[in-house]
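J.: Let me begin by handing over the structure; questions about it come next.
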Amino acid sequence: MRTDSSFVDEIHEILEAPRYTDVIDALRPNSTFVLDVSTPALTDVFIEAGGDFVKFLKRAIYRVIREKRGSDYDSETNYRNLKIEISGVSTIEMHDVNVRDYENKTVCFDCIVIAADAPKSYVKKGKVVCQLCGNSEDVSCDVNREIPQLKCDTPSCQKSIMKVNTENLVTDDIQTLLLQEPMEKAKNNSPVILTGKILGSNVGTVFVGQRKRVTGIFRTVVQARQIEHEIVLEAASLEDLEETNFIKPDESALAKIKNFAEKDPVEYKKSIINSFAPHIFGYGSIKESILLSLLGGVKTDKKRGDIHILMVGDPSMAKSEILKSAKKVTQKSIYTSGKGSSAAGLTIGMVKLSDGRQVAQAGVIPLCSGGFAFIDEFDKMNKDDRSGLHEAMEQQTVSIAKAGTKMTLPAETTILAAANPTHGKYDTSQSLGDNLDVPPALLSRFDLTWLFIDRIHRDEDRAKAKHIINSFTNNSETNNVFLTELELTSILNYARTIKPIITDNVVDKILKLYEKLRDMCRDEEMTKLPVGTRQLEAIIRMSLAHAKLFFRNRVIEEDLVAVENLLKSSLDTFGLDLSKGNFNQAFLDGIKTKDTKEQIALTVWYNVADENGNVKVDTFIKELSNADKFDQNSANRVFTDWEKNIIIKRNPDGSYRKT
Ligand SMILES: [Zn+2]
């Protein structure tokens, strides 16, 4: 490993050139010394010294001053206020980095580390030896860290290629990273990705998911016998970046809004809902639920606080527009397609580096951890994401175990998704599962599901048309919203941080609403399936979010009334009526109308599974015995069948999990 003083020596040597000594001579004790590190000699040492470069540079300058003024001159003390500025290193956006302007120049930008290869080493210095005559020569690696291939010049050796002697090598650490532009800065939702190399003491200190401000040299790696070359950033320093700087509401504006919410809750709620996606007509309940999702419930040690919402319906309805509007009022978020915008997909995947090696790359969901993923065409996601999302939406992690790589990343990400029916048009006589190519177990992870159908309503059409015409005129209602996009963003940011509690006086109300759902399922004749505790959790999360919407620190009865209304409206879009008692959770959980017993049993399994996917045998058999087409015997038979065929496996604690 290279010593500090050898770095100082090397910089000192460079600074002895007149163009630097002249500048140093003219320095006053509190001056700023500006150094352009993009000259070849400095580039190498700048990269190699990494985060310590400025420290070494100062020591080299002190030495130059001392040499000028005499060896007992205390330049360290006299020039302690000396400032260093590395020139050309103002922060830029990643999408502005290009070879035309920045080849071999120092750049600085903010990014997220999306993949990190295992640390490797490279040879900096060594000896090459001729295998025939023993002739040896000292060599150092070139700028691409390759050891030049030397040929022996002893005539009798006939230009035999000299080999690197494995003894007395000087090596250093190196690691390859994939750096991605932060979501909030990406153009067209397409964040730029660059390959980064880190060296020396920086190796092993950088992890996937971290946000960093990176300073380094941007350059092309010229490879022999190739026309197109890889571009890399040789990172010299990586500073931790603060989490997203969330904008906050202005104190007096906030006070006014709080006052409005308290004095006239009905009008306040209408105003705030209308401020969201004002260009989209109607959809009041849907907009309200989206706002609740953007506020979230309260996370506990065991349960997620995120409220996931799914919108299903015919193409060309307002679904995508609503997702894009949600993107506009959130800061740490991305709008993406189910197909995913990167090779890693939505969750996590293996990607190839330019040299063919594979590394695990984080997808958009873990990268938006603590924020939101707005996923359009949810039905189009790939097979890996289908299984990955299961874990992401409930356990709030994503993991991969492939090609020798094992990685788990946090994914506390709220998911708002839109999906199109498999056969183009939604068939209301069929269940959600019949209409949508998404596994039932995944559908049951959503707290609320909405169906968008192009029903013909003359009056509504008229009002909608009027709304559109208005949006083209100046004094339209859409231009005259209660809160602007930016104001709504700041209010949501603020309200999200409130942590309301559930007090004893509303516990009864919550249970009542939950029982209402359960009772309806019991009355259901077609498929008697239990409303799982998942629905209870959803009710709790939404009531907490509704309390946040009103800046309250506890849930009150009105919050439960609002949640019940949302549930009613959501069921209503499916033609189901909460008050009539023909509600069937299985219908929403995606079980198919013509379902086989196997599928019914599977749905029951997922409904009784805990957050880790584990199921207690007794609970499963009891619930399945109560389901349509089943009794105690047939339920037992399903269980033994599954165990025999290793569809399920026993855990050490006696519970079971799906294989
Ligand atoms: Zn030789």
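J.: How much length would be gained if the chain were fully extended between Gln632 and Asn382, taking 0.36 nm per residue of separation minus their Cα-Cα distance, in nm to one decimal? Walk me through the intermediate numbers first.
T.: Values: separation 250, 0.36 × 250 = 90.00 nm, distance 3.76 nm.
Extra length available between Gln632 and Asn382 comes to 86.2 nm.
J.: Would you grab the residues whose amide H sits under 5 Å from the one on Val312? Only those 5+ places off in sequence or on another chain, please, with H modelled 1.01 Å from N.
T.: Ala419, Trp450, Leu451, Phe452
J.: In addition: If I model a spin label at Arg554 and Gln149 as a point 7 Å from the Cα along the Cα→Cβ vector, what separation in nanometres do I get?
T.: 7.9 nm
J.: Testing the spin-label approximation: label points 7 Å from Cα along Cα→Cβ at Leu241 and Asp36. State their distance in nm.
T.: The modelled label-to-label distance comes out at 2.7 nm.
J.: Considering only Cα-Cα distances, which of the following residue pairs are longer than 28 Å: Lys516/Lys597; Lys380/Lys649; Lys332/Lys380; Lys339/Lys622; Lys339/Lys425?
T.: Beyond 28 Å: Lys380/Lys649; Lys339/Lys622.
J.: Label Glu230 and Asp437 with points 7 Å out from Cα along Cα→Cβ: what is the distance between them in nm?
T.: Going by the 7 Å Cα→Cβ label model, 3.6 nm.
J.: Kindly state, as a whole number, the per residue volume in cubic angstrom of the convex hull around the alpha carbon atoms of the chain.
T.: Values: hull volume 163.3 nm³, N = 659.
Cα convex hull per residue, to the nearest whole number: 248 Å³.
J.: I would also like to ask the following. Read phi for every residue in region 171-177 and hand back ³J(HN,Hα) as whole Hz from Karplus 6.51 cos²θ - 1.76 cosθ + 1.60, θ = phi - 60°, with x for Gly and Pro.
T.: For region 171-177, the Karplus curve yields 10, 8, 7, 8, 8, 9, 10 Hz.
J.: Let me ask something else about it. Name the residue from Val64, Ala49, Val37 whose Cα lies farthest towards the positive end of the charge dipole of region 4-87, charges +1 on Cβ of Lys and Arg and -1 on Cβ of Asp and Glu.
T.: Val64
J.: Could you calculate the contour length gain from Val99 to Lys125, that is, 0.36 nm times the residue separation minus the distance between their Cα atoms, to one decimal place in nm?
T.: 6.4 nm
J.: In sequence order, what are the phi-derived ³J(HN,Hα) couplings for region 74-82 according to the Karplus relation 6.51 cos²θ - 1.76 cosθ + 1.60 with θ = phi - 60°, rounded to whole Hz, with x for glycine and proline?
T.: Whole-Hz 3J(HN,Hα) from phi for region 74-82: 8, 5, 4, 6, 5, 10, 5, 8, 4.
J.: Now for a separate question. Only bridges with both residues in the chain count here: give the DSSP antiparallel percent, nearest 5.
T.: 65 percent
J.: Sort the following peptides by mean Cβ neighbour count (other Cβ atoms within 10 Å, averaged over residues), highest first: 21-32, 423-434, 504-515.
T.: Output ranking for 21-32, 423-434, 504-515: 423-434, 504-515, 21-32.
J.: Another question about this same structure. Using a Förster distance of 51 angstrom, determine the FRET efficiency expected from the C-beta separation of Lys163 and Leu27, and round it to 0.05.
T.: Computed FRET efficiency for Lys163 and Leu27 comes out at 0.55.
J.: Considering every Cα-Cα pair within region 1-101, what fraction, in whole percent, is farther apart than 23 Å?
T.: Values: 1447 of 5050 pairs.
Of the Cα pairs, 29 percent sit more than 23 Å apart.
J.: Find the relative contact order for the chain and round it to a whole percent, using C-alpha pairs within less than 8 Å whose residues are 6+ positions apart.
T.: It comes to 11 percent, rounded to a whole number.
J.: Looking only at region 95-128, which residues have a backbone nitrogen under 20 Å from a spot 7 Å from the Cα of Ser201 in the C-beta direction?
T.: Residues 119-122, 124 fall inside that zone.
We did not get these values from a lab; they are worked out from the coordinates using the rules stated. Keep in mind that what you see is a predicted model, and the values were worked out from it rather than measured. As a convention, Cβ positions derive from the backbone with ideal geometry for all residues, glycine included, and neighbour counts pool all protein chains shown.
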